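No value in this document is a laboratory result; all are computed from the given coordinates. These numbers were taken from a predicted model, which means no experiment stands behind them. We place every Cβ from the backbone using ideal geometry, glycine too, and count neighbours over all the protein chains shown.
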2 protein chains.
Amino acid sequence: MIVTIVNVYVKKEHIEDFIRETALNHKGSIKEPENLRFDVLQSQSDPTNFVLYEAYRSEEGAKAHKETTHYLKWKEAVEKWMDKPRQSNRYNIIAPNNL
Amino acid sequence: MIVTIVNVYVKKEHIEDFIRETALNHKGSIKEPENLRFDVLQSQSDPTNFVLYEAYRSEEGAKAHKETTHYLKWKEAVEKWMDKPRQSNRYNIIAPNNL
């Protein structure tokens with residue numbers, strides 16, 4: 001079981017656009033068979049900073065996500081609204097161990 | 001609904017100690033009435049880097065966590081194993097909106 005944490009900084013004038021497109025990506029992602037969580041967060045101290053918290057049952061599941069229509073549509077739509085390139089970090093889940 | 005992401009760097013020789021104590025904190029935390037998630041992650045690229053992903057129904061719930069026996073016990077136990085002070089960031093949950 002693995003988690004990807006994606007940190008995104010969005011141009012102020014595109015915050016609403018980003019939320020709309022990312023909600024669609026969320027909706028598609030939670031239907032993927034290997035998906036466990038797909039939380040979309042907005043920083044309390046900096047509303048231009050978003051975090052995507054994506055948990056998958058396997059590396060294969062996380063990889064398959066990148067080939068879905070909803071991910072590819074999201075990637076293309078939000079690219080131009082980002083203030084800097086997004087950063088991704090990968091983690092193994094220590095707990096819960098029953099996910 | 002709010003999320004706290006805590007970033008911890010642990011001294012290499014105390015990785016196992018940290019995992020043991022944090023698993024106990026996890027076990028207590030998920031029983032708190034306001035808790036939604038308490039995921040413990042270990043970085044794939046740097047095994048000394050851990051992330052605690054804590055979601056609560058309310059600010060009050062997140063605050064109440066800091067007064068629990070399991071949190072206070074964890075805090076005291078792990079302090080000396082950290083390589084640098086831990087960092088916390090607070091987020092609002094955009095999606096899912098049914099948590």
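Worth a mention:
- The charge dipole of the protein assembly as shown, taken about its Cα centre with unit charges on the Cβ atoms of Lys, Arg (+1), Asp and Glu (-1) only, comes to about 40 debye.
- Residue order, fewest to most surrounding Cβ atoms within 10 angstrom, among B:Ile15, B:Ile5, A:Ile2: B:Ile15, A:Ile2, B:Ile5
- Packing-based order for B:70-81, A:78-89, using average beta carbon neighbours within 10 Å, highest first: B:70-81, A:78-89
- Between 0 and 90°, nearest 10: helix B:15-29 axis offset from chain B longest Cα axis: 20
- Inter-site label distance for A:Trp81 and A:Ile15 at 7 Å from Cα along Cβ, in nm: 1.2
- Between copies, the label points of A:Arg57, set 7 Å from Cα on the Cα→Cβ line, lie 2.9 nm apart, reported in increasing order to one decimal in nanometres.
- Each part reduced to its alpha carbon centroid, the stretch A:39-53 and the stretch B:61-79 end up 24 Å apart.
- Computed from phi, the 3J(HN,Hα) profile of the stretch A:88-98 under the Karplus parametrisation 6.51, -1.76, 1.60 (θ = phi - 60°) reads 10, 10, 9, 9, 8, 8, 8, 8, x, 9, 10 Hz, with x in place of Gly and Pro.
- Backbone amide hydrogens, once placed in the peptide plane, bring A:Glu32 within less than 5 Å of nothing, excluding anything fewer than 5 places away on its chain.
- CD proxy at 222 nm, helix term only [per DSSP H run n ≥ 4: -39500 (n - 2.57); per residue of the protein assembly as shown; nearest 500]: -10000 deg cm²/dmol
- Greater than 30 Å apart at Cα, pairs in A:Lys31/B:Lys31; A:Lys75/B:Lys75; A:Lys80/B:Lys63; B:Lys11/B:Lys73: A:Lys75/B:Lys75; A:Lys80/B:Lys63
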